[in-house]
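Heads up: the structure comes next, in structure tokens.
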Amino acid sequence: MMLRIKRVPTVVSNYQKDEGEDAARRGGGCGRNCLQKCCIPGAKLPLYTFKRVEEIPGDKCVLEHDDNQAPVAFLDSLLLGQWEDRMQRGLFRYDVTACETKVIPGRCGFMAQLNEGRHLKKRPTEFRVDKVLQPFDGNKFNFTKVGQEEVLFQFDASEDGEVQFFPDAPVDADSSPSVVAINVSPIEYGHVLLIPRILECLPQRIDRESFLLALYMAIEAGNPYFRLGYNSLGAFATINHLHFQAYYLAVPFPIEKAPTRKVTTLGDGVKISELFDYPVRGLVFEGGNTLQDLSNAVSDACIFLQDNNIPHNVLIADCGKRIFLLPQCYAEKQALGEVSSELLDTQVNPAVWEISGHMVLKRKKDYEEASEENAWRLLAEVSLSEERFEEVKALIFEACSYTLSEKEDEHLTQGAGDDKPPPLEGTGSINKGRNCNMVSGTQECLVLQ
Amino acid sequence: MEPPQLGLIEQSFNSRYSNWAREALDELPDNFTITDPCISGHPIVFASRGFLKMSGYSRDQVIGRNGRMFQGPNTCRRSVMEIREAIREERGVEISLLNYRKDGTPFWMLFRMTPVFGKDEGRVIHFVAVQVPILRRRQRRRNGEGLCDEILSNSCRREVCSSSSVELAGVSAADSDCRALEIEEKCEASDTEKQLAATAISNVLSVLTHYSESTGRLVCEKRFGPSLVSSSLHISLGRIKQSFVLVDPHLPDIPIVYASDAFLRMAGYARNEVLGQNYRFLTGVDTDHSALHQIKQSIQAQQACSVRILHYRKDKSSFWNLLHISPVRNATGKIAYFVGVQIEEGSVDRHGLSPEMRQLSVVGSIKVAVRSSSMSSSSKSS
């Protein structure tokens with residue numbers, strides 16, 4: 001059985017036409033200043049390089065604690081300035097600041113936005129939701145097809161260990177730059193996509209290096225109101241080209257306010273807690289002896305989930321200090337016809353932002369009637385059942401601690417001073433091999449618990 | 001991060017309170033700090049004797065630093081967020097918080113913070129934060145096996161050494177150290193401790209109020225006088241260091257309702273000389289009228305525009321102002337303000353961003369601030 005849902009895909013780029021149209025145009029050559037072989041030679045884009053650090057810098061977060069007067073961090077200014085520039089150039093499909101938004105009364109503080117324009121003009125498309133890992137398909141829309149004007153800057157680690165900015169840096173196809181591009185259907189101000197090593201055309205799949213890049217972006221922006229999110233396939237990612245999303249919203253998210261209960265601390269100091277009194281069950285990762293420790297713990301958990309076909313969403317909050325991981329099963333329930341028509345009628349796709357408490361609503365009626373109860377009811381459907389969550393949680397811990405001990409073994413045996421994380425394939429296949437038997441029976445279909 | 005100039009910090013305290021204030025505060029037995037949110041980095045401007053004793057730092061090591069210096073790896077991020085939100089919204093907060101002494105030892109305390117308003121300005125000038133150590137025996141848990149040792153002084157521990165989930169995860173070895181756990185669980189303060197904190201706050205406030213009388217710059221516990229923009233917006237805008245003003249197109253003659261510190265420095269005016277004025281008060285004899293016309297048109301058309309315009313400071317000296325104007329919408333989606341961002345021609349950015357890009361980044365920050373702050377305030381009124 002193959003599970004599919006029909007939904008209107010989000011238009012993230014002005015070059016994202018309906019697939020048929022796109023194919024027809026491609027025959028006629030490019031000429032649109034994209035990020036493919038045809039247009040890269042000679043292309044120049046701003047380049048921001050960040051400094052790799054060992055620990056999560058305590059002072060980096062400029063709005064940290066009670067510090068409300070620190071100068072705006074540079075990446076923050078760059079991103080805001082570039083985004084506003086694209087707005088004034090009219091690259092977005094609508095002015096998101098003209099969309100009404102509010103905090104829904106209640107103790108959680110869910111936020112609602114009325115966005116009637118975001119999903120117009122596209123026909124519903126079928127999405128396969130029962131496979132978290134799917135191969136990259138160059139025939140479908142991917143970010144190499146966006147116009148260069150939609151790219152704000154290249155974002156990479158610096159070679160000499162200093163933060164640097166080059167207003168006009170050549171795009172070096174060989175070094176496969178990571179880029180930050182606008183989402184032309186923003187759900188809030190500053191909505192961008194971080195596309196790691198864009199030219200490598202990676203499918204939507206977490207690897208250690210890419211996740212660390214996303215974490216660096218949260219740290220570099222240094223603004224607790226700038227959060228990054230990730231949706232796996234089957235958890236409402238619509239484009240199978242590796243990307244993270246991010247935007248500004250200077251209000252605490254309900255998920256950030258939710259109480260947590262500490263569950264365990266890994267050997268490398270990464271603390272894992274569990275959300276409670278929140279409609280979606282999930283884990284919170286923080287701490288760690290080094291930034292890599294935190295990043296690897298979350299990546300390994302995601303790698304485990306994707307290898308075991310469990311759709312999930314990730315929120316990087318608090319300038320990279322807190323990371324929320326939420327396995328989910330909504331799309332699958334939807335495909336199996338287990339979601340009430342009342343919920344489906346709202347057409348809310350519970351991806352990372354919705355799960356974190358920010359609801360984008362398409363109908364005025366839903367916006368006006370938005371209540372904490374409604375939001376809670378929707379999100380409760382997204383969550384794994386308690387029983388299933390406990391099972392997944394235990395396996396995640398095992399995956400994290402296993403890769404940890406494996407890393408220690410490596411340290412004992414390795415001679416070369418190679419700090420690079422082990423290749424994705426290695427970690428992935430080990431997890432796969434180990435976990436296949438453990439999740440047997442549930443791997444096929446999460447809902448049938 | 002280097003501490004801001006100590007001169008500013010001394011001034012923050014001395015310009016508000018008379019000479020005897022320090023002495024009077026030092027006689028109070030309580031642990032507290034006074035911070036100034038208007039100085040970059042929101043530094044501590046006063047620390048009580050009790051506080052220094054409790055934290056193990058000397059006064060010099062604390063003054064000029066941000067309160068986050070006392071946080072450590074196990075300080076709850078969610079609690080830090082609650083404090084951040086209280087500061088942003090200029091309100092009081094009371095919360096249990098894990099802080100660290102100079103020697104690195106953690107301790108639980110009840111953190112109670114309250115804003116102090118300037119009576120004339122109607123804005124927050126200081127925050128007073130009282131810290132009451134939580135001294136309490138840990139409650140035993142239902143599944144009380146494998147409990148850690150009895151408490152260390154000043155700490156409150158309710159965590160069990162191992163739990164089934166930890167064992168399941170196969171990382172129990174990492175967790176078997178009680179010390180790692182003693183600080184994990186949130187520690188609630190008793191009513192006595194809450195009472196102590198409340199009394200301490202009121203003691204400090206009465207000293208501050210009393211000693212502000214003789215300087216003529218009165219402080220008080222409640223906000224007086226209407227502020228032209230909401231307080232949460234005021235705080236968010238205060239973070240943006242560049243020169244800008246907000247004007248309200250819905251009021252007669254489109255007056256300035258907010259002016260940043262950088263703007264006041266650039267133009268040489270005091271805030272009260274600027275608020276309520278139409279932006280044209282910066283123009284003078286040699287200002288080109290077509291530039292003024294352009295500004296007017298862009299406001300009427302509700303569109304952004306950039307002009308180069310000759311402006312005059314209070315001392316009559318003139319400068320070429322690269323002015324960018326843009327409409328700013330609030331959470332209802334309607335235009336609430338126009339922002340004018342000024343860059344004096346010839347000023348250089350250390351990161352190499354063009355003047356245009358610097359202006360746009362200010363516009364972006366302001367759009368986020370206005371939209372987000374009006375989202376929460378509308379929820380409060382409902």
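Fraction of C-alpha pairs exceeding 11 angstrom in the stretch A:244-287: 69 percent, rounded to a whole number. Placing R0 at 25 angstrom, the Cβ-Cβ distance between A:GLU126 and A:ASN14 gives a FRET efficiency of 0.60 after rounding to 0.05.
Maximal additional length on extending the B:LYS296-B:CYS220 stretch stands at 23.3 nm, based on 0.36 nm per residue less the C-alpha distance. For the residues of A:78-89, the average number of beta carbons from a partner chain within 10 Å of their own beta carbon is 6.
Neighbouring Cβ atoms from other chains, within 10 Å of the Cβ of residues in B:31-42, number 3 on average. Annotation for A:GLU369 and B:LEU275: the two label points, set 7 Å from Cα along the Cα-Cβ direction, are 4.4 nm apart. Contact order for the stretch A:73-171, expressed relative to its length and based on alpha carbon pairs under 8 Å spaced 6+ residues apart, stands at 22 percent.
Both radii come from the Cα set of the stretch B:231-381: Rg as radius of gyration, Rh as Kirkwood radius; their ratio Rg/Rh reads 0.95.
Protection proxy ranking for A:252-263, A:31-42, B:11-22, A:183-194, using the average of other Cβ atoms within 10 Å per residue and placing the highest first: A:183-194, A:252-263, B:11-22, A:31-42.
What is the calculated FRET efficiency for A:TYR94 to A:SER158, with r their C-beta to C-beta distance and R₀ = 35 Å, to the nearest 0.05? Computed FRET efficiency for A:TYR94 and A:SER158 comes out at 0.45. Most tightly packed first, judged by the mean number of other beta-carbon atoms within 10 Å of their residues, the peptides A:229-240, A:158-169 read A:229-240, A:158-169.
If the segment from A:ARG4 to A:SER340 were pulled out straight at 0.36 nm per residue, it would be longer than the present Cα-Cα gap by 119.3 nm.
Need the full-extension length gain, A:ASP172 to A:ASP137, defined as separation in residues times 0.36 nm minus the C-alpha distance. One decimal, nm.
Contour length minus Cα-Cα distance gives 10.3 nm.
For the segment B:99-109, counting C-beta atoms of other chains within 10 Å of every residue's C-beta and taking the mean gives 0.
Each value in this text was obtained by applying a stated rule to the coordinates, not by laboratory testing. The model shown is predicted, which means the values in this text are computed figures rather than measured ones. Using ideal geometry, Cβ is built from the backbone for each residue, glycine included, and neighbour counts are taken over all protein chains shown.
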